[in-house]
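Taken together, the values in this text are just the output of simple stated rules run on the coordinates, not laboratory data. In this text the structure is predicted, and so the values were computed from the model without any measurement. Neighbour counts are summed over all protein chains in view; Cβ atoms, including those assigned to glycine, are modelled from backbone coordinates with ideal geometry.
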Amino acid sequence: MRRALLFVCALLTLPVQAFELKPFSASYTADWKQLPISGTAERSLKRLDDGRWQLGFEAAMLVASLTEQSTFRVENDTFLPLNYRFNRSGLGKAKQVELDFDWTEKQVLGSDRGDPVRLLLNRGLQDKSTYQLVLQHDVADGKKSMSYQVVDGDEIETYDFRVLGEEQVETKAGTVDALKVERVRDPTQSNRKTILWFAKDWDYLLVRLHQVEKDGKEYQIMLEEGTVDGKPVKGRGK
């Protein structure tokens, strides 16, 4: 019994393996429930020559397109956004956002739909792209409830999430075991819904996203194929 207790104590004192950021690329099908056509989406993370990282997302269909790109660095396991660019066209909802994070002057400067943005920059603040990577990081670390400060328009909003449990997701890359995560919103303030699925065996890569907008329109992306650290994503049955 004593030996068993010592073994358990030794396990508990082992250092927790830190989440290692790995480059990835993934392609998705993109579907709008109210429209009879599908689109495509691409998401990628790559390391730049100077040690910074670049996270990109692109989605397109016949009548609309969206591009989003963040450049950031990681310092002591903290994600520090450097600049953020967003552009959406089509469907009568054009939008352009440009933000720069000045960590020396501790401020965020830029514009959102032509309106100036100037905010105080504190460590931990994320843009609307990098918080998704931080969420991926925290889910991999076993956290069940997460909260982030995110630049949203000309304000800083709190984004809350919770892990709902495990679920199998059928993709064109095969069946993957995933953690299902929900964006937590006050139902008296918003009827939007966002649910994400992260692949447990593939560095918690996003494999599915389902969103319901305020007007009831539904949007979903589903993994077609991807690579993590150069290795092709293969689920069961492939």
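Based on C-alpha pairs under 8 angstrom that are at least 6 apart in sequence, the chain has a relative contact order of 16 percent. Under a 5 Å amide H cut-off, with hydrogens placed 1.01 Å from N, residue 224 pairs with 27, 28, 29 among residues at least 5 apart or on other chains.
In summary, the aspartates and glutamates within cross-link reach of residue 217, defined as a Cα separation below 15 angstrom excluding same-chain residues under 8 places away, comprise 31. Label-to-label distance for residue 104 and residue 54 is 2.3 nm, based on points extended 7 Å past Cα in the beta-carbon direction. Dipole magnitude for the chain: computed about the Cα centre from +1 point charges on Lys and Arg Cβ and -1 point charges on Asp and Glu Cβ, it is near 680 debye.
Here the 3J(HN,Hα) profile of region 158-173, calculated from phi with Karplus coefficients 6.51, -1.76 and 1.60 at θ = phi - 60°, is 9, 9, 10, 9, 9, 7, 8, x, 9, 7, 7, 10, 8, 10, 5, 8 Hz, Gly and Pro shown as x.
Beyond 23 Å in Cα-Cα separation lie the following of the pairs 106/144; 46/193; 33/231; 46/200; 22/234: 106/144; 46/193; 33/231. The C-alpha atoms of region 20-228 occupy a region whose extents along the principal axes are 47, 40, 39 Å, arranged from largest to smallest. As a rough footprinting exposure proxy, the listed residues 158, 29, 188, 171 were ranked by other beta carbons within 10 Å of their own, and the order from fewest upward is 188, 158, 29, 171.
Can you give the calculated 222 nm mean residue ellipticity of the chain, where each DSSP H run of n ≥ 4 adds -39,500 (n - 2.57) and the sum is split over every residue, rounded to the nearest 500 deg cm²/dmol? Write out the running numbers ahead of the final one.
Values: 2 runs with 23 residues, N = 238.
The per-residue figure over the chain is -3000 deg cm²/dmol.
Where does each of 221-233, 95-107, 111-123 land if you order them by average Cβ count within 10 Å, highest first?
The densest-packed peptide leads the list: 221-233, 95-107, 111-123.
Among 152, 31, a tally of other beta-carbon atoms within 10 Å of each Cβ gives an order, fewest to most, of 152, 31.
Put a plus charge on the Cβ of each Lys and Arg, a minus charge on the Cβ of each Asp and Glu, and nothing anywhere else: the dipole of region 49-90 about its Cα centre is then about 220 debye.
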